[in-house]
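One structure is given here, and the rest of the page talks about it.
The values are calculated or read from the model by the stated rules, or taken from the named source; none is laboratory data. The structure displayed is predicted, hence computed values, not measured ones. Heads up, the Cβs are rebuilt from the backbone with ideal geometry, glycines too, and the neighbour counts pull from every protein chain shown. For accessibility, only protein heavy atoms count, side chains too; no ligands or nucleic acids. Shrake-Rupley method; radii C 1.70, N 1.55, O 1.52, S 1.80 Å.
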Amino acid sequence: MSYPDIRLFDFLPGIVYVRWMNDAEVTRYLESRFRRFERGDLERFIADANGDENTVLFGMFLKRDERHIGNIKLAIEPHHRRAEIGLMIGEADCRGQGLASEAIAAVTDYAFRDLRLHKATAGCYGANIGSVRAFLNAGFAPEGRRPSHYRSDEAWDDLVLLGKINADA
């Protein structure tokens, strides 16, 4: 399946990735927001992900200019043939355009078609309306909600659980 705007590639951490990981707005709904990152931290993270047979990490790049705009990851549980998807769009001008939905659909197609996984799942903060919408637009269904699961901005926030089943696996 072809996607019009996004390509997924392996990548090396550049200065832009370091900037994203230290930007409070970018990491607002990420557990990584509780620490500062240096380039070496991200190099180790990518090396660890690439060295783990149950992790697939891609950089998200715009086709029109090959600009790195974010990352998307599959954390695979092989026994149950499922993967958890996590993503981040670091470039503010690329949010709200459907690019996350496109990347989610692409990585889910890869998980189902190439890896023959049975299910893809995701979880996000309830206040992260953009992520919830991106997964729903990519064909995921709401599966549940864990109330007051995260502490965010001095308030409690829910965990929203989403999933998609591969009918062919």
Taking the range 132-165 on its own, how many of its residues are open to solvent by 10 Å² or more (accessible area, probe 1.4 Å), within 20 Å of residue 101 (Cβ to Cβ) and either at pLDDT below 95 or not hydrophobic (A, V, I, L, M, F, W, C) (or both)?
-> 6
Subset of the range 115-132 (residues that are out of contact with any Phe, Trp or Tyr (no Cβ under 8 Å at 6 or more places or on another chain) and within 16 Å of residue 28 (Cβ to Cβ)) | 123, 126, 129, 130, 132
Read through the list (1) touching a residue at least 60 places away in the same chain (Cβ under 8 Å); (2) exposed (fewer than 15 other Cβ atoms within 10 Å of the Cβ), then give the number of the only condition that residue 129 fails.
-> (1)
Residue check, residue 34 against (1) closer than 20 Å to residue 123 by Cα; (2) at pLDDT 95 or above; (3) more than 16 Å from the chain's Cα centre (by Cα); (4) loosely packed, with under 13 Cβ neighbours inside 10 Å, all met but one. Which one?
-> (2)
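Residues checked against (1) within 30 Å of residue 15 (Cβ to Cβ); (2) assigned to a loop (DSSP other than H, G, I, E, B); (3) over 12 Å from the mean Cα position of the chain (by Cα); (4) in contact (Cβ under 8 Å) with a residue 40 or more places away in the chain:
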{"site": "79", "(1), (2), (3), (4)": "no, yes, yes, no"}
{"site": "83", "(1), (2), (3), (4)": "yes, no, no, no"}
{"site": "123", "(1), (2), (3), (4)": "yes, no, no, no"}
{"site": "142", "(1), (2), (3), (4)": "no, no, yes, no"}
{"site": "151", "(1), (2), (3), (4)": "no, no, yes, no"}
{"site": "158", "(1), (2), (3), (4)": "no, no, yes, no"}
{"site": "161", "(1), (2), (3), (4)": "no, no, yes, yes"}
{"site": "167", "(1), (2), (3), (4)": "no, yes, yes, no"}
